[in-house]
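S.K.: After the structure tokens below, expect a handful of questions from me.
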2 protein chains.
Amino acid sequence: MPADDFVVTPWHVKGDIDYDKLIKRFGTEGITSELRDRIKRVAGEDHFMLRRGIFFSHRDMNIILDKYEGGGGFFLYTGRGPSGHTHIGHLVPWVFARWLQEKFDVNMYFQITDDEKFYSKPDLTLEDTTKFAYENALDFVALGFNPEKTKIIINTRNIQTLYPIAARVAKKINFSNTKATFGFTNETNIGMIFYTSLQSAPCFIEDKPVLIPLGVDQDPHFRLTRDIAPKIGQQKPALIHNIMIPGLEGPGGKMSASDERGTIYTTDSPEEVRKKINKYAFSGGQQDIEQHRIHGGDPDIDVSYQYLRIFFEPDDDKLRTIYDDYKSGRLLSGELKAILIEKINKFLAVHQEKREKAKSQVEQFLFENK
Amino acid sequence: MPADDFVVTPWHVKGDIDYDKLIKRFGTEGITSELRDRIKRVAGEDHFMLRRGIFFSHRDMNIILDKYEGGGGFFLYTGRGPSGHTHIGHLVPWVFARWLQEKFDVNMYFQITDDEKFYSKPDLTLEDTTKFAYENALDFVALGFNPEKTKIIINTRNIQTLYPIAARVAKKINFSNTKATFGFTNETNIGMIFYTSLQSAPCFIEDKPVLIPLGVDQDPHFRLTRDIAPKIGQQKPALIHNIMIPGLEGPGGKMSASDERGTIYTTDSPEEVRKKINKYAFSGGQQDIEQHRIHGGDPDIDVSYQYLRIFFEPDDDKLRTIYDDYKSGRLLSGELKAILIEKINKFLAVHQEKREKAKSQVEQFLFENK
């Protein structure tokens, strides 16, 4: 891997991602200020994740807006690979999806891919991943999706519905396609090889166009889906991509549910959050206070600042102040961390309460096979 | 392909099959006279398909008999790929399986792989293969399986039950394994690549050993299953293999449901049977009656004789007489064909009546997902 290079696939994110390069590499389109303005106008409201470039890229977002403005419908779809508890990075596309659902008043499907994580993680059993599927579903429900318009699909639970759709997709994808798209080898297991067709299936669950808010690492699946859609008489899914959320220990990957040190889980206690941030959160500050007061910190590489920007401080003015104060050296790394810790714990206190309530609500969100 | 060579895979049978060579190539065991005697003793009856070497090979049949004699149970499993109507070649393992069920009083699972035929046949839709699945199920039910102990699995209908089992198998099979076993290439579609794990799944549907009577072309699937079984804490399936049933036009393949000329369907009218046999059935006779009276015919390559041997004349004495008369020239090719036509039409008259009745019985045979 050359110094300026990076890897982004659904199962492997490595290196310092250059998102402009990634847009070219994946063949997506950057979100322009025109598109941002259009979304704002049609939705009737702006979203800080768009303003700040957390959602930075898309495919056919304009077509979705055209259809919507023309009076036609669309639906939303996103998902989660349940390899462990939900962490705060996962919440980014979900929170944005919830906002889209509210603004456009559309159906939402949330696919939890317990089979995928079973195939891709040697040490996980299907019981493990199915257990995490239900745990993750609680976090999703806790975010406040419209219960009338939202369905959670769990792959092993809803395979009866998914498989016939996936089969039509699978017939049009050969091993070469999966090698080129995912870098599969002769050693890849056949569950993994087939799996992408199951991630495609919810795209075709309604006879309407679909919009998928998702981490950009998942784009390769839907690149394949978009190639195949016309071959099976279906519309291509539209996508809107968010950046990878860095792990606590800094850039060079994404937050991983299986790396406990680098990860804030939605189930963490305030004390755990405090400890993890203080101990592991990569700092853009100087080596000592004196130096920091003189030279200031670098918020652009500081994980605590980035978490505020990406998720925990939606107020642009407040964020700006933090940025300036940190850069000038007025705000110390410990103080920045304290701000983040407070924000996270405030968020998690509410979230964990809603997550408790979700235990009695989740049933009504589960998709029922017909 | 050298002159003495042949190909036998689940999707391709070609050439003049040397079954002794095939046993070595596949690594199975021939059915010895000792094993035949043992089956006869334990079952309490002989079966002409064993006596005549129609079932010629096995894997672990002795283990099944050991378990049975030791008071332990086993179950039966076989299946059908619904690419068209049932033809008489398909009935061979089913009729034998019915006999096994009767003699051993065990559960029987019949898997109809509508997904497989969709994946492997470019021109068939999933609707086509699912339609044929129900048609084929009627033929199966018509053979008189015990309704209390027999379940028909249709893959798309029962994927809810099959998929979690198949997933455990799929995780242990990589693309290399499928290349080596089935000759898959980079152009093979990912449905086909995954499919073998679904054919494995019924092996593990009960917590007992399974015995699979099947055409030897299906052995590669279960060779893989047998490799994997211990890795997922399961018992290896036992197999008993029948030879390939030749098409009407002679050896060099197997009867194919998609080649109308070479195939007698269970739905054919007496007139169709008469026409097909007279027109297409490969004859071992001489070019004219005079030559035939002098030199006699060759029953060993005569398809009509072979059909009598394989399926339609269970009486050894009667078959012997036909053999001798044909070989000596006493019996002409036309007369031999007439015997077969009468036998087939007699069989089909009864079968088609039972097949009609099966329309109201088939529902109770369908496996219900739990």
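The values are calculated or read from the model by the stated rules, or taken from the named source; none is laboratory data. Small disclaimer: the values here were computed from a predicted structure and weren't measured. A quick note on method: Cβ atoms are made from the backbone with ideal geometry, for glycine too, and the neighbour counts reach across all protein chains shown.
S.K.: Does the range B:89-99 include one or more residues that are in contact with a His (Cβ under 8 Å, 6 or more places away or on another chain) and either of a type in the set (Ser, Thr, Tyr) or in a helix (DSSP H, G or I) (or both)? Steps first, please.
M.R.: Step one: filter the range B:89-99 for residues in contact with a His (Cβ under 8 Å, 6 or more places away or on another chain), giving B:96, B:99.
The next check asks that each one be either of a type in the set (Ser, Thr, Tyr) or in a helix (DSSP H, G or I) (or both); those that pass are B:96, B:99.
Yes, some residue in the range B:89-99 is in contact with a His (Cβ under 8 Å, 6 or more places away or on another chain) and either of a type in the set (Ser, Thr, Tyr) or in a helix (DSSP H, G or I) (or both).
S.K.: Is at least one residue of the range A:290-308 outside the structural domain of A:PHE48 (by TED's automatic domain parsing), among the charged types (D, E, K, R) and closer than 15 Å to A:ILE88 by Cα?
M.R.: no
S.K.: Let me ask something else about it. Out of all the residues in the range B:231-249, is one or more free of Cβ contacts under 8 Å to residues at least 12 places away in the same chain, more than 24 Å from B:ASP18 (Cβ to Cβ) and in the same structural domain as B:ARG25 (by TED's automatic domain parsing)?
M.R.: yes
S.K.: Out of the helices (runs of 4 or more DSSP H) lying entirely within the range B:1-58, which hold 2 or more residues that are within 29 Å of B:PRO82 (Cα to Cα)?
M.R.: Passing ranges, in order: B:19-26, B:48-51.
S.K.: Test of understanding: among B:VAL13, B:VAL92, B:VAL7, B:VAL42, which residue is of a type outside the set (S, T, N, Q), surrounded by fewer than 19 Cβ atoms within 10 Å (Cβ to Cβ) and touching a strand residue (DSSP E or B) at 6+ places or on another chain (Cβ under 7 Å)?
M.R.: B:VAL7
S.K.: Continuing with the same structure: Does the range B:113-133 hold any residues that are out of contact with any Ser or Thr (no Cβ under 7 Å at 6 or more places or on another chain) and within 23 Å of B:PHE75 (Cα to Cα), and which are they?
M.R.: The answer is B:THR113, B:ALA133.
S.K.: In the range A:175-191, which residue that is of a type in the set (A, V, I, L, M, F, W, C) and under 25 Å from the mean Cα position of the chain (by Cα) is nearest to A:ASP217 (Cα to Cα)?
M.R.: Residues of the range A:175-191 of a type in the set (A, V, I, L, M, F, W, C): A:175, A:180, A:182, A:184, A:190.
Imposing the further condition that a residue be under 25 Å from the mean Cα position of the chain (by Cα) reduces the set to A:180, A:182, A:184.
Values: A:ALA180: 15, A:PHE182: 11, A:PHE184: 15 Å.
Selected residue: A:PHE182.
S.K.: Please specify each residue of the range A:102-127 satisfying the condition of being of a type in the set (Asp, Glu), touching a Lys or Arg at 6+ places or on another chain (Cβ under 9 Å) and within 19 Å of A:ILE159 (Cβ to Cβ).
M.R.: A:ASP114
S.K.: Another one. Looking at B:PRO82, is it buried (at least 22 other Cβ atoms within 10 Å of the Cβ), assigned by TED's automatic domain parsing to the domain that holds B:TRP11 and part of a loop (DSSP other than H, G, I, E, B)?
M.R.: Yes; evaluated as a whole, the condition is true for this residue.
S.K.: On the given criteria, is A:GLU260 surrounded by fewer than 20 Cβ atoms within 10 Å (Cβ to Cβ), of a type in the set (D, E, K, R) and at pLDDT 95 or above? Outline the logic, then answer.
M.R.: On the way: surrounded by fewer than 20 Cβ atoms within 10 Å (Cβ to Cβ): yes; of a type in the set (D, E, K, R): yes; at pLDDT 95 or above: no.
It is false that A:GLU260 is surrounded by fewer than 20 Cβ atoms within 10 Å (Cβ to Cβ), of a type in the set (D, E, K, R) and at pLDDT 95 or above.
S.K.: Give me the residue from the range A:46-67 that is among the basic types (Lys, Arg) and under 15 Å from A:GLN235 (Cβ atoms) and, out of that set, surrounded by the most Cβ atoms within 10 Å (Cβ to Cβ).
M.R.: It comes out as A:ARG59.
S.K.: Could you grab me the full set of residues in the range A:165-194 that are in a helix (DSSP H, G or I) and either surrounded by fewer than 20 Cβ atoms within 10 Å (Cβ to Cβ) or more than 7 Å from every other protein chain (Cβ to nearest Cβ) (or both)?
M.R.: Those that are in a helix (DSSP H, G or I) and either surrounded by fewer than 20 Cβ atoms within 10 Å (Cβ to Cβ) or more than 7 Å from every other protein chain (Cβ to nearest Cβ) (or both): A:ILE165, A:ALA166, A:VAL169, A:SER176, A:ASN177, A:LYS179, A:ALA180, A:THR181, A:PHE182, A:MET192.
S.K.: Can you say whether A:THR267 is of a type in the set (Val, Ile, Thr), at pLDDT 95 or above and buried (at least 22 other Cβ atoms within 10 Å of the Cβ), as far as the supplied structure shows?
M.R.: Criteria not met by A:THR267.
S.K.: Within the range A:195-212, which residues are out of contact with any Lys or Arg (no Cβ under 7 Å at 6 or more places or on another chain), in contact (Cβ under 8 Å) with a residue 12 or more places away in the chain and surrounded by fewer than 24 Cβ atoms within 10 Å (Cβ to Cβ)?
M.R.: A:PHE204, A:ILE205, A:GLU206, A:LYS208
S.K.: Quick one: A:ALA201 ticks every box in (1) within 19 Å of the chain's Cα centre (by Cα); (2) more than 13 Å from chain B (Cβ to nearest Cβ); (3) within 14 Å of A:GLN111 (Cα to Cα) bar one, so which box is it?
M.R.: (2)
S.K.: Separate question: Residues in the range B:142-154: is at least one under 18 Å from the mean Cα position of the chain (by Cα) and within 27 Å of A:PHE118 (Cα to Cα)?
M.R.: Checked against the condition, which is being under 18 Å from the mean Cα position of the chain (by Cα) and within 27 Å of A:PHE118 (Cα to Cα), the range B:142-154 yields at least one hit.
S.K.: Output the residue which, of all residues in the range B:133-164 that are free of Cβ contacts under 8 Å to residues at least 60 places away in the same chain and polar (S, T, N, Q), is surrounded by the most Cβ atoms within 10 Å (Cβ to Cβ).
M.R.: B:ASN155
S.K.: Suppose we keep only residues that are of a type in the set (S, T, N, Q) and outside any helix (DSSP H, G or I) within the range A:139-164. Which one would you say is farthest from the other protein chains (Cβ to nearest Cβ)?
M.R.: Let us first name the residues in the range A:139-164 that are of a type in the set (S, T, N, Q), namely A:146, A:150, A:155-156, A:158, A:160-161.
Checking which are outside any helix (DSSP H, G or I) leaves us with A:146, A:150, A:155-156, A:158.
On the way: A:ASN146: 28, A:THR150: 22, A:ASN155: 8, A:THR156: 5, A:ASN158: 9 Å.
Here the answer is A:ASN146.
S.K.: If you go through the range A:220-241, how many residues are touching a Ser or Thr at 6+ places or on another chain (Cβ under 7 Å) and basic (Lys, Arg)?
M.R.: Count: 1.
S.K.: Kindly evaluate B:PHE222 against the criterion of being of a type in the set (A, V, I, L, M, F, W, C), more than 26 Å from B:ILE64 (Cα to Cα) and assigned to a helix (DSSP H, G or I). Give the steps one after another, and end with the answer.
M.R.: Values: of a type in the set (A, V, I, L, M, F, W, C): yes; more than 26 Å from B:ILE64 (Cα to Cα): no; assigned to a helix (DSSP H, G or I): yes.
So B:PHE222 fails the test.
S.K.: Taking the condition of being hydroxyl-bearing (Ser, Thr, Tyr) and either away from chain B (no Cβ under 11 Å) or under 18 Å from the mean Cα position of the chain (by Cα) (or both), how many residues in the range A:124-138 meet it?
M.R.: Residues meeting the conditions: 1.
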